[in-house]
Structure formats: C-alpha cells, structure tokens
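Read-outs throughout are calculated quantities, based only on the coordinates presented, and are distinct from any laboratory measurement. In this text, all values refer to a predicted model and were calculated from it rather than measured experimentally. Neighbour counts run over all protein chains shown; Cβ positions are idealised from the backbone, glycine included.
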C-alpha cells in the first residue's frame, strides 16, 4: 500500500526521530513523534511522489546541519509538541503512545501461574515454543547496480541489509559501497543491535566502519530505522568517531506501486559531519546527498531488476574542497541493477 | 456469467487475478492425478466421494508422509492413513472410542479432536495436554463421546495441519436425529501450499504483504480521481497512509501460494456429491483450512443452516455463509435440477474452492465469477467510531459506488453504523446488574502500547449482524452470528461471576500476532476457577477476522448487549469487533486457546488456560 499523498518534510521527521534516539528509555515512542511531524505539513495534494523526493532537498538546506550534531537536536521537539493540540485525529490514539497508568495488567488473569508452573503443568522444561521464540533471518540486497556517470565514470554499487534474530531484538548488518577500476572506492559497513521500540520503529546501536581508498574511519552508531506515516522507509543515524568527529546520515525510500509488480522507488540519502575531515574531502556541515528514482519490475517479490537515474551533489565546505581539488560537485548517474532478497 | 469448461475458466480482471488462472491451469493438468489415493479411487464408480469413512469404537490411524500433486509440482504431504482429507470418523454419542495413533514421521505428531469435550490429557496439544507422539510411537486416545454433530480433527504439531492432516468427525446423536435427511455429504474445505509452510512464515516476517497482489496502486488512485475527484481519492487513502495499514489486507496468504481444496480436490478436479432430485440433502461443511476464510454458496439453492460447530440451531435459511478455519456449519438443501456448483470463494477474493452436487457424475453447473475485493472500511479499522464516521462521510461519492467514500463506510453498512450508536453506550448505562451486560469500554492491556501492536480500537463494534467485509449488501442473504440460536439454550443457567477481557493484537508490518500484545512465549496462563461461570470478552484490535478456538469447554456466545446467542467452539471475531461469550469452567486441566489461522497461532496468538 504505497500511495500518492501529501508533501512532507522527510528531513525534519528524521531529525526529530534522531533527537529521540538518545532517550531510548523514554516511553513515548519515536513513531508517535514522527506522526506529529507529519501533520505539521499542510496537505498538498498535487505532490506526486518523485516530486516530493526532490522537494525534500531544499528543505534540508533550510533545516541546517546544526541539527546534525546530536546535542542540538532536541530543540526541535517542543516545537513539534506545540502542534499537537491542533490535531484531533482520532487515529492518533489508535497507534503508539504510552500506556495510561490504569492500563490493564495482561498477567492479572494468571493468578500467579506460569506456563511452566501451577496445576496440571507438564513436568520438565516447556516444549511448546511457537515462532515468537524462534529465530529468523533475511538478507536484502536493495541495490546491486552498475552506475554510469555522464563523464564515463562507471562503478558497481551495492547496498545490503541483513538481519538475524527474533521479532523485537535482532542483529543487523548494513553494507553500502561502490567498486570501480577494480578497487573498493568507498564502503560503509555497520554491525548493529536492532531493538524494536515502537510499532514501526527500531533503534539500532552498534559500530560503523568506513573503508576504501581514503583512510579508514571507525564510528559508534546510534540510529533509528522504520516506517514513517505515508509509508516512507526511513533510516537515520548519528555517529561518533574518534578525535571528536561526528556524522549524521539519513536515507529515505518510498515505494510507489504503479501496478502490482511495477514499482517506482524514489530514494534520498544525505550525509553531514560535525567537523571537517580533509583527508576524506569532507567539510563540516551538510556534505553530500543523492536523490534517485528507480523503476523495478518484481518478477517475484524476491527478485526485481530495475533501471534508474540519480542526482548526486556535494554541498557547503565539502563542495569547496571538491572544487579546490578540481573535482565536480554534482553529477547525474544512470543506474541499472537488481534488487533481491532471501 | 459464462459457462464453465474444464479448460477455460471465467476469471474477472485477468491481470490482477493471474494467480487464480495459474492455479486452475495447474489444477486442470493435475487435479485428478493426485498421488495420494483418494478414498473414492477404490470404488468402482469414478466419482470423488471425499475421504474414506471409518466407523465404530476402535480406530487405528497411521500418520506418515505421502506424495501429492495438486499443482503440477510433486510434493510430500503429511497424511492420516494415506488420504487427504484424513478418513471421516463416524462415532455414536455415548460410546467410548479408542483411537490408536501411530507416528511414522521423522518428527513428533499429534491429533487434536476439534470441538470434542474430553479430558485434557486426550486433547492432543503437545506441550499442554501431553508430550506429543514421538516418531515410531503409538499413542492411544480413549474418551467417552458426550455430544453429537459435525466436528473435525487435525494435527496440533508444527505445520502438519497445513500439509494435509485434517479429517471430519460425524457423531450420531443418541436421542435420534432431529434434522432428517435422505442423504448427506461431508464437504471439507482446506488449502494447500507447495511451499514449506515455515518458509511461507519466514517470508511474511520479511514482508508482511508478500502474498497480497491486490494492493492499492497509482492506477487505482488515478481511476478514483477521475471518478470521484481528487479530494475524495485522497480522503479515501488518508487514514490508511497515516497509519501505515493496508485496506486490502484481507488475508495473509492468497492464491499466490495457496491452492483451494474441497474434499481434497482442486477446483478443476471438481469434487462431486450425488443426489436424487427432490431429496433432502444434508451438507456438513467443515473449514479445515490452515489460513483461509471461505464464503460458501450454492447458486440456485437456499441453504437452511441447522447446525453450527456441531450444535443444532434453529433453522435459518440463507444464500451464503462465511466461515473461518475451525468452524463447521451443517446445511440442508433440496436440489431439484441436475447440477449445482458448490462455490466457496476466499475472503480475499483471489480464488475459490469448488465442487458440484449432481444427479450423476460428469455434469456440472455454471461456476460464478469471484466477487471483486472490497477495501476494508473505517468500521473495520475503528469499530463503532468508524461506523459513525462513515455516516458523516456519506455526502461523499454516490451511492452504489463501492469504491468511493460512500462505499467505504457509509452506504455499505450505514444500517450497521446506526446499530452501533444504539449499542455502543458507555459502561454503566442501562445495566441491570453489574455483570448483566458485557462491558463495552475497551480496557487495553499495558502491553498493547509497544511494537507488538499496530492499532487499538477504543470502541469495538458489538453488533453481531455484520456479515463482514466483502459480503455487505451483496444482494444475497448472508448468515451472520446474530442468525444463530442454539436450540436448547445455554448449558448453564448461571450468569457470569466475572469478566475476562482479552484483546486480539498484531503488527502486520512485523508480522507478529499476539493477545494483549504478548505472544505466547511472553504470556502467562489465563486461570479459570474450577466450576465458575465467567464471561470472556474478545476485543479485536486488528483489521483481520480471527477464528478464536477455546479447547475443552464451550464458548456460549452472547447477544449484543447480553443474553444467550449460540454455543460455539470457534468464534470468528471481526476487525474492530468486541464480542463476549460465557464459559463454564468445568473441565480441569490445561487447555489451548488460540486463533485458528495457523500462522497467527504459530506467531503466538495463543494462550494457555488453566482450569483449577
């Protein structure tokens, strides 16, 4: 169910989501916060999906990357809360939220008996274990593609996410990178503990390791991943490295079903850094972003080739560094690849 | 309607329904070449009469793997005495039956006697009533039959029910049969997947809508815009999009993986039951599917429902009934023509099971087209509040427009919505005694506010007269729960001493299913005090219908607002519905209580009940 809808400020949402990350223990779920963010934007019926994805770009600039640094982000929240009284949508109480103090105790009917103890319990360890106590796993190769830039630069890019575990706690592996001229140019690999905190949202805590032709960098990762209202798949994380480095990354995807099998997927990714890292050509602030559009055909749910186009750009001090090095600051790329999972 | 031929089936809207077509094409090739030896194959007459019949008081059942082929792909099934369905067991009320079940599988097995009142050690749920039947072992079930009617039995181990372990039980009443029939047929519906059911489950964990090929598309949106205007088209989608819920989430599995069977026979195989014109024929319908709700009708015949879940009801004549996994309905028909199609379309409208009632073999009647799939309505999402919202929304769109706003929540069941406003009153209003009427105020568990739950309904629909999504105002008289009246009233005249409220919960995006937001592994048992009469309220905080099956004791369904309605062993609870039933806790032991959609059960929509 991925449908045409109103315009939204993806970045604002994600930043708010991220703002909630440090306060994992709080009962108010991120999803709820995000719902509110969603409702701030006025409905704009003419905003068709691809456009929405592109429109999000200017919005990012205006948000400014002060928010990229984690301590500053909480300032967004009171503002968001301020919007709440205006909303009387009954569905707001139907999802998320925190339990009222008088909420029913689900164990009250047990009178102290458990699955293993009490009258008529079978002797020995419990043998009836349903799938909620089994582990599952999956590996999604979201992008495995050939990238052709206008100037003839070709590369192979990949983006993979794997998981193993149970419903609410799992090991998550993310890997993204590109290979050209037979060499790994740039790679980001993350190993995370994914923990469900709200209906549609998981927190992800762990490590990130960047490698490639530039010096390697290691980070601690604090992220959220999930599904925002209107079916936006959001993956946002803040990173803390050594020497006081901080980074922020946001990815957002949307799946517009043209038919049951033909899917148009706008995709957006931006990166920002707390301080410059000239060895990597990174300037502080908003550094780079990619907005893409991919059209895939799902031969099966698990196998879908696609073609697409994306626009990549460098911004601010990062763009200055690129210009100083005689590199381009933006480019348009054509992509063709396959999405599959198992 | 076009005439049916074995090689060409009228399929509406081909691009969207190619799974039906594929299914039938496969069935045509191989529907009759099932390697499992159907019961009828031993007879001289080349007609499919369903499962073999065993009767008496001593039975030997052997569980083993058997090769089958329903779709063109050879697969292994789990079978009882080598047949699908398993042999029909005919018992007599008052007899004590002995059933020796031998396991020739490489894994544990079990048999649960669905709806039969018996000692808990005989109930056949591994880990609760006994330890299961290990490979090579024979377990002897022995219990006295204290009831009569149509029931069934199935494995309660792993996914064996999905892979073929289900059969009918017919119990002859000791006091004579009040529903006289000249002839009877058991019609057991089921579903089959060529995939490993655990793999199906794992795929849903990756993508909850994996098998849903009826999702709203951009094309649908533009069609709505041109017909109803931009605002109506956006309004129609607004709440679904905000809540990240799908209006077409009618079934987790569809014809994309399932083949729908009637007495173990594909639609193309066309199970046929014989009759002589003018006879009174009793049809014992059993839904033995793992995951499929069926909407059953026989075009050209009125169905007089005389029994539900094995319990005689005051006869009610309808055109159609819906039933979910676990439920049974006995209907009387009086066919006069040569042939009638027994048509059982699935609730999600991606396919159907089909057979024929005919005066001789080899003839068939027109097979109807599958109805279009409706979107779920606001009432399905929000309960009584959604119904009222629907009333307010009636100025949108035009009447009869099933996909417009009016169709969504106004015209389609405006009448229903009015019922709600009458019944969904705050607790305490018009109460004679404290527990005279079931409470109407939702009391959500504190564990329903986390990741296991994707919605909560504050005002459940309490009316029982809604046939459900896809059957509302379809021009046919459709059975609803409010039509059922068990003839001899409640088993226990006492009123309830207390109320137990359980919420049906889940998260379609994560594909988790639970009660009160807690899957089985995180749950504690529900304690019924021995001898008490209590009220159970099931409050559905999901957008799916869940057939809730309590083992060991009858669920005596209450009318909307209180009062005895019908005695059931499996009660379908519709989206955003709040129903209540009374139980007499007279069966000591531990019992299973779960949603009978197999994947929901296995996901953890399951509780243990302790009667002590």
Seminar exercise, completed: Using the Kirkwood radius over Cα pairs of segment B:432-478, the Stokes-Einstein translational diffusion coefficient at 4 °C and 1.567 mPa s, in µm²/s and rounded to a whole number, is 92 µm²/s
For this session: Once you have a ≥ b ≥ c as the square roots of the Cα gyration tensor eigenvalues for segment B:253-297, tell me rounded if a/c is under 1.5, and otherwise prolate or oblate according to whether a/b is larger than b/c.
Result: prolate
Exercise. Ranked highest first by the average count of other Cβ atoms within 10 Å around their residues, in what order do A:111-117, B:519-525 fall?
Worked result: B:519-525, A:111-117
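Based on the alpha-carbon gyration tensor of segment B:465-523 and its eigenvalue square roots a ≥ b ≥ c, which shape applies: rounded if a/c is under 1.5, prolate if not and a/b is larger than b/c, or oblate?
It is oblate, given that a/c is not under 1.5 and a/b is not larger than b/c.
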For this session: Calculate, for residue A:331 and residue A:134, the FRET efficiency according to 1/(1 + (r/R0)^6) with r their C-beta to C-beta distance and R0 45 Å; round to the nearest 0.05.
Result: 0.45
Exercise. Peptide B:437-448: average number of partner chain Cβ atoms within 10 Å per residue?
Worked result: 3
Exercise. Mind checking the mean number of beta-carbon atoms from other chains within 10 Å of the Cβ atoms in B:202-211?
Worked result: 4
Seminar exercise, completed: Rounded to the nearest Å, the spacing of the alpha-carbon centers of segment B:440-475 and segment A:145-176 is 39 Å
Seminar exercise, completed: Ranked output for segments A:139-146, A:123-130 by mean other Cβ atoms within 10 Å, highest leading, reads A:139-146, A:123-130
Exercise. So what are segment A:163-248's ellipsoid semi-axes, whole angstrom, largest first, if each one is the square root of 5 times an eigenvalue of the alpha-carbon gyration tensor?
Worked result: 26, 15, 13
Seminar exercise, completed: Mean other chain Cβ within 10 Å across B:515-522 is 5
For this session: Give me the percent of Cα-Cα pairs in segment A:293-342 that sit more than 15 Å apart, rounded to a whole number.
Result: 58 percent
Seminar exercise, completed: Assertion target for A:191, B:283, B:502, B:250, ordered by fewest C-beta neighbours within 10 angstrom first, is A:191, B:502, B:283, B:250
Exercise. Which of rounded, prolate, oblate describes segment B:262-348, given a ≥ b ≥ c as roots of the alpha-carbon gyration tensor eigenvalues and a/c under 1.5 marking rounded, otherwise prolate only if a/b is larger than b/c?
Worked result: oblate
For this session: With a Förster radius of 30 Å, plug the Cβ-Cβ distance of residue A:309 and residue A:171 into 1/(1 + (r/R0)^6) and report the FRET value to the nearest 0.05.
Result: 0.30
Exercise. Taking N as the number of residues in segment B:79-193, what is its Cα Rg relative to 2.2 N^0.38 Å?
Worked result: 1.09
Exercise. Considering every pair of different Cα atoms, what Kirkwood radius, in Å, is found for segment A:216-264?
Worked result: 12.8 Å
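From the P(r) of segment B:498-612, can you give the percent of Cα pairs sitting at distances over 24 Å?
When every Cα pair of segment B:498-612 is considered, 19 percent fall beyond 24 Å.
Order the peptides B:103-115, B:51-63, B:340-352 from the highest to the lowest mean number of other Cβ atoms within 10 Å of their residues.
B:340-352, B:103-115, B:51-63
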Problem set entry | Relative frequency of Cα-Cα separations exceeding 21 Å in segment A:215-342, percent | 51 percent
Problem set entry | Residue order, fewest to most surrounding Cβ atoms within 10 angstrom, among A:109, A:273 | A:109, A:273
Exercise. With a 10 Å Cβ neighbour count serving as the proxy for reagent exposure, in which order, fewest first, do B:249, B:371 appear?
Worked result: B:371, B:249
Seminar exercise, completed: Distribution output for segment B:112-165: share of Cα-Cα pairs per 10 Å bin in percent, first bin at 0, values 22, 54, 23, 1
